[in-house]
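Here is the structure we will look at.
Read the figures in this text as sums done on the coordinates, not as results from a lab. Since the model is a prediction, treat every value here as computed from it, not as a measurement. Positions of Cβ are backbone-derived with ideal geometry, glycine not excepted, and every protein chain shown enters the neighbour counts.
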Ligand SMILES: [Zn+2]
């Protein structure tokens, strides 16, 4: 094990990706029971990996198994440019959990040709290829070639362009043989009007047509993905024995029942139990949770993490939580959309111990769950910041030249270096602990009214809440920031990112698609436009380069407040048209000249825009009686090696 001082976060860089590892601070100080609990939950986090691959695209597993067979047994020359191009392609596919880019959703273009692909398969051990009964390797080649190489086939994982059949245009695997209007009709009949406790309809199933009739294949033991779900259940059953409290045991029992039945009422029941369980040191996420990959925003991808509390950093979020009602009462939103009583916001800082499913290898930075609005309102939610993941990001990004290139002047760069980490962390805390928890719907508003704009608008609402309050005197009074310059650092970073630099993740000529990016772009461009008459935010050209300068921080704060009020109204009233206009007019398009300039400047820095992580290996130690006596952490430095190991040990579909 590496000592903290010589810990190297960097593992590998390829294409637009850097792979890091994360540290498990204080893991050795946990009790044996806690370590045991973490170990079982971590196995449950890895066991569902194949589910996500299949959800992303229905041929992803076949493709991955083919790539794994080639990498481990191809007998040809591995030093040729063609093979190296193949290996790069394979690494990208493994990173994205499929053949579409995890962020842009575009299908990867192989850097080798069809002929070489055939040679690769013919040079691979026959017994390792994922052949169906009676299938020849030539038939496998013929089947996979158009899927990998034909640019028109399965071109996009998720397509949310308005005016197209989003299901037909998306390769993600939540629907098969059905049209968008058929799915909408199918689910319209299932919504119970004015149900105060609506289940998350359609969350855990694939919609297919059987004998001309639209029907659901539910993800559950004995159903769709049953083999992988059974493995998850098996590890969760082990975890019950090592759970820290009886409440946690009860909660796991409900989760297992849900996995066995697929019953969405059980899912809500589980989420209520989970949201109430705020005391334990060790916690986890395991289920079908986020709906970003479904063009209709209904079906959830499988994800999992295991985590444990970081007590030191939790102090900050305790203060925020203790003052949650003050924030709500002083928020600029319309009084009728404020919560009279903000309940149960459990905010804490955690360290990740394992990432799985849709959280691996790209980790979230903060988590705020459960998603169901009525549970959030009546029971509350858990909101966490991921300390060890943020630290890995921060430390690797210091001194890489980015700030020197894009900050307007030295004063801004100095401000960010001095306060950037702290103000970023506080922004995330405010976003997660009070931002998402704030506000309420008007009576009778359909929680799904904002459809494909719901995620972007929700992220915008939480970001604006954080932006508005970070500049408040209250923050200084509470001792959350040392002085006003720290809040300025937060505004500098947000606008520089939203107006300029976040587009480094997007290819020339493309629109912004991802929900968080749309949100940041929409907020930054809206305040820029609104503040133009008073020159509140200025875009400045200096030596052929664009910079952002904020001329009046307090007026900018008022603009954030104004937009927060409007977006809360849009959500509370389910005003789809206004929400759509805000995102489409300010969040989607990129000025092509500016885009080209930013990409060129960024390219010269030679940095990767996307970051993912390898997991540590948790190794249980047993005594001769077969009892677990310890769990050791082994940090992994081999990205491809870990991917292949997961393919060997956690492939259940
Ligand atoms: Zn959020």
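Of all beta bridges that DSSP places with both ends in the range 135-257, some 65 percent have antiparallel geometry.
With 0.36 nm allotted per residue and the present C-alpha distance subtracted, the residue 619-residue 186 stretch has 151.2 nm of extension available. Among 8-14, 459-465, the peptide with the highest mean count of other Cβ atoms within 10 Å heads the list, and the full ranking is 459-465, 8-14. Each peptide in 227-235, 180-188 was scored by the mean count of other Cβ atoms within 10 Å over its residues; highest first, the order is 227-235, 180-188.
Sorting 217, 68 by the number of Cβ atoms found within 10 Å of their own Cβ, with the fewest placed first, yields 217, 68. Subtracting the Cα-Cα distance of residue 80 and residue 247 from 0.36 nm times their residue separation leaves 54.4 nm of extension gain. Annotation: the antiparallel percentage among DSSP beta bridges lying fully within the chain is about 75.
Only helical runs count toward this figure. For the chain, summing -39,500 (n - 2.57) over DSSP H runs of n ≥ 4 and dividing by all residues gives -14500 deg cm²/dmol at 222 nm. Could you give the distance between the Cα centres of the range 554-599 and the range 47-105, to the whole Å? Cα centres, the range 554-599 to the range 47-105: 37 Å.
Suppose R0 equals 51 Å; then what is the FRET efficiency for residue 14 and residue 194 from their Cβ-Cβ distance, rounded to the nearest 0.05? After rounding, the FRET efficiency stands at 0.45.
Modelled label positions at residue 217 and residue 538, each set 7 Å beyond Cα in the direction of Cβ, lie 6.0 nm from each other.
Taking the number of Cβ atoms within 10 Å of each Cβ as an exposure proxy, the fewest-first ranking of 264, 554 is 554, 264. With neighbour counts taken as other beta-carbon atoms within 10 Å, the residues 567, 199 rank, fewest first, as 199, 567.
Label-to-label distance for residue 58 and residue 596 is 4.2 nm, based on points extended 7 Å past Cα in the beta-carbon direction.
Taking a point 7 angstrom from the Cα of residue 627 along the C-beta vector, which residues in the range 214-242 have backbone N less than 20 Å away? Zone members listed by number: 238-242.
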